[in-house]
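Scroll down for the structure; my scribbles are underneath it.
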Amino acid sequence: MDESAWAKLKRAAVEARANAYAPYSGFAVGAAVLSKSGRVFTGCNVENASYGATICAERAALAAAVASGDRELLALVIVSGAKRPTPPCGICRQCLAEHGPTLAIRSHAGDAQADYELNSLFPEAFGRSHLD
């Protein structure tokens with residue numbers, strides 16, 4: 001993927017982060033995914049007083065893509081206020097693997113960025129083939 005596409009995803013993730021609802025952790029996150037169709041979907045984290053009901057930005061963006069009919073993801077950008085770039089959490093990795101096992105991921109925190117591939121972060125993911 002070229003740098004202009006990554007920049008477009010980063011801008012979308014920054015905009016989504018502005019809408020994060022993180023009154024408990026103070027850890028606002030924005031995410032943007034690029035689907036195979038070329039569409040961009042965003043999400044932000046939405047915390048809840050019942051902590052287990054919290055949804056991460058990555059899963060919110062995934063849900064937006066699926067709700068719009070796009071189920072194949074190519075790239076993901078994460079933007080946070082962390083001290084260093086953060087990869088998706090374990091639950092997000094499992095959910096993302098369903099729709100983009102080779103997903104390219106770029107995480108930003110301040111001026112720092114880190115690049116990952118989902119299959120490297122989450123090898124041997126549980127999937128549909130395990131249900132047979």
Average silhouette area of the chain, convex hull of alpha-carbon atoms, in square nanometres: 8.2 nm²
For the chain, built as a Gaussian network whose Cα springs stay under 10 Å, the top-fluctuating residue of 23, 88, 101: 23
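Calculated from DSSP H runs of 4 or more alone, at -39500 (n - 2.57) each and per residue, what is the 222 nm mean residue ellipticity of the chain, nearest 500?
Details: 4 runs with 40 residues, N = 132.
Taken over the chain, the calculation gives -9000 deg cm²/dmol.
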Rounded to 5, percent antiparallel among DSSP beta bridges of the chain: 75 percent
Coil-residue GluC sites (Glu not before Pro) of region 22-85, DSSP, other Cβ within 10 Å capped at 11: 72
For residue 100, distant residues with modelled amide H under 5 Å away: 73
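Just so you know, all these numbers are worked out from the coordinates, no wet-lab data involved. Since the structure is predicted, the reported quantities are computational estimates derived from the model, not experimental observations. Virtual Cβ from ideal backbone geometry, glycine too; neighbours counted across all protein chains shown.
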